[in-house]
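Data first, discussion second: the structure below is written as structure tokens.
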Amino acid sequence: MTALHMRGVVLPEAEERDLWIVNGRIRTEPVPNAETIVDGGFLLPGLVDAHCHVGIAAEDLDQAAEQARIDRDAGALLIRDCGSPIDTSPLQERLELPRIIRAGRHIARPKRYIRHLADEIEPIDLPKAVAEQAAAGDGWVKLVGDYIDRNEGELAPLWPDDVLKQAMVVAHEAGARVTAHVFGESALPGLIEAGIDCIEHGTGLSDDAIAAMADRGTALVPTLINIETFPDIAAGADRYPRYAAQIRRLHARVRPTIAAAIEAGIPVYAGTDAGGGIAHGRIVDEVIALHETGMTTENALGAASWDARGWLGWSGIRESSAADIIAYDADPRLDLNALRTPKRVVLRGRVIR
Ligand SMILES: [Zn+2]
């Protein structure tokens, strides 16, 4: 296999460097007879979609693969899959697809999530279900933290605090991290106090919850482009006027809420929620939304690239690290829209574009 050579300004260090790629790995020392595939421009560690669902609304693995391919073509070379009803682990052997870190299936209660998506269990069985999904996934477990309680007519937590504490211990002992879907306010204190590792959406964050997350280092993936659909969710919830009002209220305060979380120093990462009502392939829209919500362009890039990769156990562009690199002509730090036009995409050391 011919070695490849790339030259460009490597981010985030912003140094012009030569890189070589051999057997899927980056080399920083010259390799003879390498083919130059990029000479000039900017080199970014492959983008990350930190909240994606490959396999939702897919009839089979081929359709799930097509979803992942669309994400890849938008630049997402690493996906944290936040819950899929089908086992997509065979896709991890398809070298042309992004790397996928799976959370197994969502864990929810009967009638307390989208039908047919989750492993539906009673609260007392949560620790057992968490152990099963920790074993089935790749180091992440996904809980549904709150959802509409149709008897109450509004968002409510799914799990008692004491069961959550047991579940976190079980996950952490199994070497897995836990995250939860949370739209509202009331589920957050119990999840954060139980030691959850990440919150998805987080539209209901109070100042106290933000302070607690900052203190504990709990991550946040706000999925801003998904929150944009809240008015549609509210419009479709005529039968639950209090819930609809709650969703509208959460939507109205999303920008200041997430801005406060960023300001407080909570680690915030870019995730689209593709598959959950959002089309695949929109990671750049989420990066721009994070910037518009208060992140510097550089931090918004990090939230979808080097910082997110580090959080998920993958490195950026350095000696011996995986050769997942995207080359751009224009500097994305000056205009994030540059991310929409990659000139070269290298995944696992292979040119795929
Ligand atoms: Zn989701």
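Quick rundown of the values:
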| item | result |
| --- | --- |
| Residues (exposed (fewer than 12 other Cβ atoms within 10 Å of the Cβ) and either on the phi > 0 side of the Ramachandran plot or of a type in the set (Lys, Arg) (or both)) located in the range 28-61 | 33 |
| Flag if residue 304 is within 27 Å of residue 57 (Cα to Cα), aliphatic (A, V, I, L, M) and within 16 Å of the ligand (Cβ to nearest atom) | no |
| Test for residue 18: is it free of Cβ contacts under 8 Å to residues at least 60 places away in the same chain, among the acidic types (Asp, Glu) and within 30 Å of residue 134 (Cα to Cα) | no |
| The listed residue being at pLDDT 95 or above, more than 19 Å from residue 20 (Cα to Cα), touching a Leu at 6+ places or on another chain (Cβ under 6 Å) and open to solvent by less than 10 Å² (accessible area, probe 1.4 Å), out of 327, 308, 289 | 289 |
| Every residue from the range 201-217 that is buried (at least 21 other Cβ atoms within 10 Å of the Cβ) and touching a Pro at 6+ places or on another chain (Cβ under 8 Å) | 201, 202, 203, 209 |
| Near pairs, Cβ below 6 angstrom, 6+ apart or cross-chain, from the range 81-103 (polar (S, T, N, Q)) to any residue that is assigned to a helix (DSSP H, G or I) | 88/64 |
| The range 261-286, residues that are open to solvent by 40 Å² or more (accessible area, probe 1.4 Å), of a type outside the set (Lys, Arg) and either within 16 Å of the ligand (Cβ to nearest atom) or free of Cβ contacts under 8 Å to residues at least 40 places away in the same chain (or both) | 263, 277, 279, 285 |
| Residue within the range 277-285 that is in a helix (DSSP H, G or I), out of contact with any Pro (no Cβ under 9 Å at 6 or more places or on another chain) and either of a type in the set (Val, Ile, Thr) or modelled with pLDDT under 95 (or both) present | yes |
| Hits in the range 134-148 - residues which are within 15 Å of the ligand (Cβ to nearest atom) and either at pLDDT below 95 or open to solvent by 10 Å² or more (accessible area, probe 1.4 Å) (or both) | 137, 147 |
| Any hit, the range 242-251, residues being open to solvent by less than 10 Å² (accessible area, probe 1.4 Å), within 16 Å of the ligand (Cβ to nearest atom), in a helix (DSSP H, G or I) and in contact with a Leu (Cβ under 7 Å, 6 or more places away or on another chain) | no |
| Yes/no for residue 235 being exposed (fewer than 15 other Cβ atoms within 10 Å of the Cβ) and of a type in the set (A, V, I, L, M, F, W, C) | yes |
| Pair list, Cβ under 7 Å, 6 or more apart: the range 44-57 residue under 10 Å from residue 308 (Cβ atoms), other residue within 11 Å of the ligand (Cβ to nearest atom) and not basic (Lys, Arg) | 49/271; 49/272; 49/274; 50/221; 50/271 |
| Top-ranked residue of the range 70-127 - restricted to ones that are of a type in the set (D, E, K, R), open to solvent by 20 Å² or more (accessible area, probe 1.4 Å) and closer than 14 Å to residue 142 by Cα, ranked as nearest to the chain's Cα centre (by Cα) | 102 |
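The values are calculated or read from the model by the stated rules, or taken from the named source; none is laboratory data. These figures come from a predicted structure and were not determined experimentally. Using ideal geometry, Cβ is built from the backbone for each residue, glycine included, and neighbour counts are taken over all protein chains shown. We work out accessible area using only protein heavy atoms, side chains counted, and drop any ligands, DNA or RNA first. Shrake-Rupley method; radii C 1.70, N 1.55, O 1.52, S 1.80 Å.
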